[in-house]
């Protein structure tokens, strides 16, 4: 049981996209006993409770929607986290769509590239996220990479998944320029969610990879054997 007046600590890992998030999430998932012994709790509810729970994309998507079943899944997941966490734990929620989602539009929406529409929609999503996080003492961890490299990698992934067919230049200047405005994204996260720590992805690759950098940001050694995921 939590001591009166003390909120459980929660680290929100928001990506960004293409910064080794999948590798980080796989290591967190596969080494949960190791992490739990060190006070790190990566919640993975039973699939009977939450159909999709690893990584935490389902939560990110549910918070962007308004259907009753989405609200219910988000509420069930939060209840599970609160009950399963120990008082000494630092909870980790990890999903790169948390960096992307807005309310009322998706990536194929014509208004996505309109800054006057995008930023209020982004802020509305973060306010909803903050309400979901209200039982927790939240901090944010965000990896960023050189912007053009980010655009090239993201455009290639979107083309591969047939989400959208745009060039890296079009992504940066026409379709999704807001995703590359790190400063404003960080400011909004800080204002509405919690203090933000930023890790340079390119530097982390040179120093052993995103997994090593992630654990270092938490003051921990990465699990044994996780070096295979060094380049994320």
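In the range 26-61, which residues are in contact with a strand residue (DSSP E or B) (Cβ under 8 Å, 6 or more places away or on another chain), surrounded by 19 or more Cβ atoms within 10 Å (Cβ to Cβ) and either more than 24 Å from residue 72 (Cα to Cα) or free of Cβ contacts under 8 Å to residues at least 24 places away in the same chain (or both)? Across the range 26-61, the qualifying residues are 28, 35, 40. Against the test of being surrounded by 17 or more Cβ atoms within 10 Å (Cβ to Cβ) and without any contact (Cβ under 8 Å) to a residue 12 or more places away in the chain, the options 166, 138, 144 yield a single qualifying residue, 166. Note on the range 169-181: among residues that are within 20 Å of residue 201 (Cβ to Cβ) and free of Cβ contacts under 8 Å to residues at least 60 places away in the same chain, the one that is surrounded by the fewest Cβ atoms within 10 Å (Cβ to Cβ) is 181. Whenever a residue of the range 87-103 is without any contact (Cβ under 8 Å) to a residue 24 or more places away in the chain and at positive phi, it has no partner that is assigned to a loop (DSSP other than H, G, I, E, B) and buried (at least 20 other Cβ atoms within 10 Å of the Cβ) lying with C-beta atoms less than 8 angstrom away and at least six residues away or across chains.
In the range 62-80, of all residues being surrounded by 21 or more Cβ atoms within 10 Å (Cβ to Cβ) and free of Cβ contacts under 8 Å to residues at least 40 places away in the same chain, the one that is farthest from the chain's Cα centre (by Cα) corresponds to 73.
Conditions (1) more than 16 Å from the chain's Cα centre (by Cα); (2) over 30 Å from residue 84 (Cα atoms), marked per residue:
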| site | (1), (2) |
| --- | --- |
| 107 | yes, yes |
| 120 | yes, yes |
| 126 | no, no |
| 155 | yes, yes |
| 166 | yes, yes |
| 169 | yes, yes |
| 179 | no, yes |
| 194 | no, no |
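A short reminder: the numbers here are calculations on the coordinates, not readings from a lab. These numbers come from a predicted model, not from an experiment. Positions of Cβ are backbone-derived with ideal geometry, glycine not excepted, and every protein chain shown enters the neighbour counts.
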